[in-house]
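Heads up: the structure comes next, in structure tokens.
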There are 2 protein chains.
Amino acid sequence: MQRKSGHVTLLDIARACGYSVSTVSIVLSEAPLSQNVAATTREQIRKMARDLGYHPDAYARSLRRRRSQSIAVLAYDLSDPFCIPIVHGIQAGLQPVNYMPLLVDAQTQRKLFDSYLRMILERRAEGVIVIASWIFQETNLLDDVEKNQVPIVIVGRDLTNRNVSSLLVDNEAGGALAMRHLIELGHRRIAIVRGPQELFDTELRWAGVQRAAAEAAVKIDPKLVYQLPNITNSTSGFEGGFHFANEMLASKRPFTAVLAFDDLTALGVVRGLNGAGVRVPDDCSVVGFDDVLPAAVATPGITTVHQPLKEMGLLASEWTLQAINAREGQSHKPAQLYNASPELIVRMSTARCPSAPRKIRP
Amino acid sequence: MQRKSGHVTLLDIARACGYSVSTVSIVLSEAPLSQNVAATTREQIRKMARDLGYHPDAYARSLRRRRSQSIAVLAYDLSDPFCIPIVHGIQAGLQPVNYMPLLVDAQTQRKLFDSYLRMILERRAEGVIVIASWIFQETNLLDDVEKNQVPIVIVGRDLTNRNVSSLLVDNEAGGALAMRHLIELGHRRIAIVRGPQELFDTELRWAGVQRAAAEAAVKIDPKLVYQLPNITNSTSGFEGGFHFANEMLASKRPFTAVLAFDDLTALGVVRGLNGAGVRVPDDCSVVGFDDVLPAAVATPGITTVHQPLKEMGLLASEWTLQAINAREGQSHKPAQLYNASPELIVRMSTARCPSAPRKIRP
DNA sequence: TCAAGAGATTCAAACGTTTGAATAAGGACG
DNA sequence: CGTCCTTATTCAAACGTTTGAATCTCTTGA
């Protein structure tokens with residue numbers, strides 16, 4: 001009974017129980033017509049399909065239906081812990097409608113990116129979700145996708161100006177949240193490690209930090225503001241944090257807290273401070289951003305700004321499905337922007353400023 | 001010129017330059033016959049394909065060729081940092097032969113696992129690579145795959161007894177490596193946190209630990225041996241480590257080092273010890289296993305046992321491709337086992353035993 | 001008795017490729 | 001002039017589904 005292809009087909013089932021391929025198809029795909037099929041026939045066909053271990057061929061089906069039932073999820077760098085919760089959200093959104101996520105990791109390599117983009121196009125993904133943890137300037141990479149009228153949604157970056165629906169955390173609010181936390185703990189001399197210039201997040205978080213400082217009438221010493229170089233690999237944030245912690249100490253300028261661009265940078269700062277005998281949080285507080293696993297399991301646990309990544313992933317998948325359905329109905333879904341509200345997660349790396357008088361909260 | 005499907009087909013190209021679909025297909029797929037096609041024709045067709053932005057339809061092609069050109073990568077829990085380097089290795093192996101990895105994350109949920117397995121079968125993956133970071137006992141889940149004669153390779157677990165090619169780190173050697181390191185640093189009173197009973201790794205690492213102890217004539221105090229409960233979520237290792245650190249301290253039994261089942265457990269131990277004012281590594285050394293990112297960026301960095309994950313992933317993809325080719329040629333590739341050599345990564349969490357006399361190495 | 005409808009099932013074309021076999025147009029040779 | 005190679009191109013069937021239209025067999029009502 002082994003077919004040459006090694007897979008059971010409708011024809012096998014049809015022959016095995018004496019009906020035509022059409023009838024079998026109608027029953028197994030639960031087409032509207034199947035209510036006209038005699039109940040006994042239905043049962044017989046279903047049983048045979050089960051016995052033979054039939055699985056419909058997605059290729060034949062998609063070819064005929066002209067729907068691939070799949071959505072590409074293109075991560076720029078899956079090794080960034082930031083990505084996984086987003087992927088989980090996407091999976092959760094795709095599961096109920098039986099869409100397959102085509103998850104690929106470009107590993108920040110242009111060559112891989114192109115190659116996977118081609119595969120995605122060939123596999124006729126009905127939509128593309130891009131997870132841009134940190135992303136090159138080159139955004140025209142997706143032109144090919146747009147040309148084929150495939151809806152795109154991007155997570156982690158705002159591309160609404162290019163008419164692409166985007167979901168990201170409200171970086172300005174997050175920066176302010178982190179800064180306000182330090183200020184409320186009594187810190188006044190706060191060192192800042194800004195993100196790399198190439199990232200959009202950098203300016204927004206910085207704006208939030210400045211706003212919070214201004215609101216509390218706290219001055220930021222420009223000599224205590226550092227900027228990470230452009231990213232070269234996934235641990236360059238850590239190395240940058242380590243490096244700048246040493247610079248801060250060498251500068252001899254007093255500071256009691258460090259606001260780092262992200263969690264890995266914060267962990268690098270902690271390492272740097274520790275090496276010089278500065279204890280966190282007793283002598284100096286450190287705050288991060290992103291709430292990734294390493295920040296949670298380090299000791300001290302890093303106080304950080306949490307992004308609702310899973311929710312963002314879920315919403316991204318919903319938007320993509322809506323865009324697909326809209327296109328199906330000849331209409332068009334305009335690009336949307338979702339600015340997720342960040343949340344402060346207080347752990348052990350921040351404490352009341354040692355020299356500061358206890359402040360009475362209003 | 002917009003097709004109803006929204007995608008350019010061979011027919012479009014054929015019409016546009018006045019040749020038949022066959023000729024176009026022969027040229028673009030670089031079939032053997034294409035050397036018979038006039039050079040001018042070839043060029044003309046290629047140009048038109050480029051201009052129209054043609055991408056061959058993988059569904060039609062696979063249907064006809066009876067090859068899906070894709071391999072499923074089924075991760076039990078992608079949020080385990082352990083998985084990503086393996087995936088990178090697999091991608092590296094699949095890239096040159098133009099296979100698409102169908103990467104899915106079962107999130108340790110039976111329901112998801114089943115659902116994705118069905119999708120994989122429907123998409124006619126030619127092979128399946130399972131990444132079993134930590135895995136249920138239920139191994140018959142893959143029966144359905146085997147029934148369809150799809151080759152399976154598993155990473156992170158030995159299933160050669162079920163005739164499945166397996167790649168994993170030599171856990172026994174790794175356990176011995178970690179233990180020997182502590183012993184060489186002069187530690188004699190070493191607490192051990194064993195892994196969960198349900199994991200095969202647990203017994204093997206434990207055997208290695210015991211061997212190293214025996215070889216050095218060091219006794220392991222059974223009262224200082226703990227066992228992690230079965231895993232419920234991805235941070236339960238951390239929580240277990242934290243919990244047992246407190247138990248060790250409460251037991252009042254002296255110990256100068258802790259050998260933890262994996263890195264997250266080690267990080268939990270560090271947190272627990274720190275909470276009681278025990279400094280790592282000054283008062284107590286801690287060693288982990290796996291070499292995941294959080295272990296590297298924590299302070300102190302965790303001394304650990306590295307697994308060559310990327311190489312294992314690469315080899316897994318090669319084995320899978322070999323098995324596919326073998327099946328193509330009507331032959332059969334017998335199940336193989338690869339025991340990767342672990343490597344000790346010395347960081348900052350281990351130090352010479354405070355009370356021990358300096359030992360002269362031979 | 002016949003037309004009309006309902007119920008159950010099948011026909012046949014289509015989706016976009018690939019590929020073995022067929023065709024057509026040119027020589028070269030006996 | 002017919003035969004036999006090349007060279008260049010096309011035919012047509014097939015892959016496994018889906019689905020609008022068609023067929024066949026009953027029943028029902030006039």
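Starting from 0.36 nm per residue, how many nanometres of slack lie between B:Arg211 and B:Gln330 once their C-alpha separation is accounted for? Mind showing how you got there, number by number?
Working: separation 119, 0.36 × 119 = 42.84 nm, distance 4.47 nm.
Difference between extended and current length: 38.4 nm.
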Practice task
Work out the mean other chain Cβ neighbour count within 10 Å for the residues of B:293-305 and drop it here as an integer.
Solution key: 5
Problem - For segment A:142-214, average projected area of the Cα convex hull in nm² - result: 5.7
Exercise for the section: May I ask you to list the trypsin sites (Lys or Arg not before Pro) in segment A:167-235 that are in a DSSP loop and have at most 11 other Cβ atoms within 10 Å of their Cβ? Expected result: A:Lys219
Fill in the blank from the handout: re segment A:10-56: pairs of Cα atoms spaced beyond 15 Å account for a percent value of 29
Completion exercise
So for segment A:171-306, using the alpha carbon gyration tensor with a ≥ b ≥ c as root eigenvalues (a/c under 1.5 gives rounded; past that, a/b versus b/c decides prolate or oblate), I'd call it rounded
Fill in the blank from the handout: homo-copy label distances at B:Gln322 (7 angstrom along Cα-Cβ), nm, one dp, ascending, are 5.1
Problem - Nearest 10 degrees, 0 to 90: helix B:200-215 Cα axis against chain B principal axis - result: 40
Exercise for the section: Between A:Asp282 and A:Ser341, take the C-beta separation as r, use R0 = 30 Å, and let me know the FRET efficiency to the nearest 0.05. Expected result: 0.45
Handout entry: For segment B:1-139, the Rg and Dmax computed from alpha carbons only, in angstrom
Key = 20.1, 62
Practice task
Of all alpha-carbon pairs in segment B:82-171, indicate the percentage at a distance above 15 angstrom.
Solution key: 62
Completion exercise
Largest fluctuation, A:Lys310, A:Lys252, A:Lys333 only, Gaussian network model of chain A with Cα springs under 10 angstrom, belongs to A:Lys252
Problem - In degrees, nearest ten, helix A:39-52 long axis to first principal axis of chain A (Cα) - result: 60
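Average partner chain C-beta neighbours within 10 Å, per residue of A:261-271?
Working: counts 0, 0, 1, 2, 0, 1, 6, 2, 1, 3, 6.
Mean number of neighbouring Cβ atoms from other chains: 2.
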Practice task
Give the nm distances, rounded to one decimal, from A:Ala250 to the matching residue in every other copy, measuring between label points 7 Å along Cα toward the beta carbon; shortest first.
Solution key: 4.8
Handout entry: segment A:35-67 versus segment B:1-64: alpha-carbon centroid distance in Å
Key = 33
Practice task
Take the alpha carbon gyration tensor of segment B:282-362, find the square roots of its eigenvalues, order them as a ≥ b ≥ c, and report rounded if a/c is under 1.5; if not, report prolate when a/b exceeds b/c, else oblate.
Solution key: prolate
Fill in the blank from the handout: Under the helix-only model (-39500 (n - 2.57) for each DSSP H run of 4 or more, divided by the residues of chain B), the mean residue ellipticity at 222 nm, to 500 deg cm²/dmol, is -13000 deg cm²/dmol
Handout entry: Calculated label separations, A:Cys17, copies of the chain, 7 Å along the beta-carbon direction, nm
Key = 5.0
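Quick one: of A:Lys111/A:Lys310; A:Lys147/A:Lys310; B:Lys111/B:Lys147; B:Lys147/B:Lys333; A:Lys47/B:Lys333; B:Lys111/B:Lys333, which pairs are farther than 22 Å apart, Cα to Cα?
A:Lys111/A:Lys310; A:Lys147/A:Lys310; A:Lys47/B:Lys333; B:Lys111/B:Lys333
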Problem - For chain A, built as a Gaussian network whose Cα springs stay under 10 Å, the top-fluctuating residue of A:Leu112, A:Leu168, A:Leu74 - result: A:Leu112
Fill in the blank from the handout: Heads up, the protein assembly as shown by the C-alpha gyration tensor (a ≥ b ≥ c square roots of eigenvalues; a/c under 1.5 rounded, else a/b over b/c prolate, else oblate) looks oblate
Exercise for the section: Report, for chain B, the % of DSSP beta bridges that are antiparallel, rounded to 5. Expected result: 10
Practice task
Partner chain Cβ atoms within 10 Å, averaged over the residues of A:236-242 - can you pull that number for me?
Solution key: 1
Handout entry: Approximate spin-label separation B:Asp221-A:Gln149, in nm, with each point projected 7 Å along Cα-to-Cβ
Key = 7.4
Handout entry: Exposure rank, largest accessible area first [B:Leu337, B:Leu142, A:Leu249; 1.4 Å]
Key = B:Leu337, A:Leu249, B:Leu142
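Based only on Cα atoms, what Rg/Rh ratio does chain B have, Rh being taken as Kirkwood's radius?
1.14
The values are calculated or read from the model by the stated rules, or taken from the named source; none is laboratory data. Bear in mind the structure is a predicted one, so any value in this text is a computation, not a measurement. With ideal geometry, Cβ positions are generated from the backbone for all residues, glycine too; neighbour counts draw on all protein chains shown. Only protein heavy atoms, including side chains, enter the accessible area calculation; ligands, DNA and RNA are left aside. Shrake-Rupley method; radii C 1.70, N 1.55, O 1.52, S 1.80 Å.
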